[in-house]
Amino acid sequence: MVRDPSFPVARNVAAKPLLRVLHGEAVWPPPIWLMRQAGRYLPEFRAMRAQADFLTRCMTPDIATELTLQPIRRYGMDGAILFSDILILPWALGQKLEFIEGRGPVLDPIRTRADLDRLDRSRVEEVTAPVRETLRRLTTELPSHTTLLGFAGSPFTVACYMVEGGGSRDFAATRTMALTETALFERLIDLLTEQTATMLVGQIDAGAEAVVLFDSWAGLLPPSQFRRWVIKPTRRIVDHIHAARPHAKIIGFPRLAGVMTAEYASRTGCDALACDTGADLAVVAASTASTLPLQGNLDPVILLAGGETLVSEARAIRDSMRGRPHIFNLGHGVMQETPPEHVAALVKAVRTLT
Ligand code: CP3
């Protein structure tokens, strides 16, 4: 029998509410963590920003460990998400990447076969070693009830940034390449699929108990393209991880997928489905297997606004999912302007049974 190197970590399921939900249990009240829970809305995060640029923060285990722990210390979240970024993979493949203040990520765009051939998969394992070191440190630093989450971008979303060279409203260059230079785009997606699967197994072996696949731009695609560039590569990644590390759980986040959401859930085989702000959880619950854990989906603007609406909307989501395996979260990341007290109020609202 092949020994599973991360098996000891998996034995902690009973002590970890988030992991219990991922194993199919309807835990009440539900566990909570937030996308972008480590970020600029926290004064202690902003204080660390002066020390190093963003990539250095991601690649320095001392700093990345500290940034991951900040929201855990402050709020006692049930999940700790590794401090890193989905664009670490293209950077590790050798694509030039910079994070520019006020503009976000800027990359040297991949537009031709020559651009693609310059990427070098042989360096990824070594370049990403500090990320796995951060996870290993976190396994000893986290409270025993906290689930450690690794993550990656999905091949389609990462390809969007790689081809476009940065953020965009519509990622038209990427989606045009998929249509007019399909073989080239497929080669890029295949490379990302293979590398993402390998990288996530590495994160699991370093201590991640579950991994999140962020497909932030999945919803840009019409159904036929969605099946080809979102469902198919995601299924390959999920199959690879399930075969290699059967105990590890995968949360898929096909943002803005709308009517394709249920098909994503059933065809990719992911272990939990993260729902974006626009999803009606009752509709998603009714159109997916009743055993499938759902995550989400409070509007980040409701968290920003705070007050009584925050408490009542959070409880409405929580209560509507009672009896179903559910992980409380936002429908997208915490906004930078969010007052940290609002996050404390949210955690309290979700955990207090009235
Ligand atoms: O708390 C966490 O969620 C952990 C870490 C995390 C970051 N990025 C840190 C980060 C995670 C999970 C991500 C994922 C990510 N990165 C996604 C998918 C989720 C989503 O938001 O849709 C995407 C699309 C990216 C790419 C990316 N990284 C963009 C577009 C930007 C610029 C936007 C911005 O807020 O500046 C980043 C930078 C980034 N990633 C920051 C952080 C904390 C801000 C940089 C800084 O603090 O200097």
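Here are some notes:
- Most mobile listed residue (146, 193, 112) in the chain, GNM with C-alpha springs under 10 Å: 112
- For the pair the range 167-208 and the range 18-36, the centres of their Cα atoms are 28 angstrom apart.
- Of 199, 77, 335, the one that fluctuates the most in a GNM where the chain has Cα springs shorter than 10 Å: 335
- Remark: spin-label model distance residue 108-residue 12 equals 4.1 nm, labels positioned 7 Å along the Cα→Cβ axis.
- Theoretical FRET efficiency, 1/(1+(r/R0)^6), r = Cβ-Cβ of residue 320 and residue 115, R0 45 Å, to 0.05: 0.45
- On a per residue basis, the range 43-292 carries 40 Å² of accessible surface, using protein heavy atoms and a 1.4 Å probe.
- Global geometry of the chain, whether rounded, prolate or oblate, following the gyration tensor of its Cα atoms and the 1.5 cut on a/c: rounded
- Judged by the gyration tensor of its Cα atoms, with axes a ≥ b ≥ c, the range 204-354 is prolate; a/c meets the 1.5 cut and a/b is the larger of a/b and b/c.
- Computed in the context of the full set of protein chains, the accessible area of the range 43-292 at 1.4 Å probe radius has 51% of its extent on carbon or sulfur.
- For residue 16, the solvent-accessible surface computed with a 1.4 Å probe is close to 20 Å², ligands and nucleic acids excluded.
- Placing pseudo-labels 7 Å out from each Cα toward the beta carbon at residue 243 and residue 348 gives an inter-label distance of 5.0 nm.
The values are calculated or read from the model by the stated rules, or taken from the named source; none is laboratory data. Computed from a predicted structure; not experimentally measured. Cβ coordinates were reconstructed from backbone atoms using ideal geometry, including for glycine residues, and neighbour counts include every protein chain displayed. Note: areas computed on protein heavy atoms with side chains; ligands, DNA, RNA excluded. Shrake-Rupley method; radii C 1.70, N 1.55, O 1.52, S 1.80 Å.
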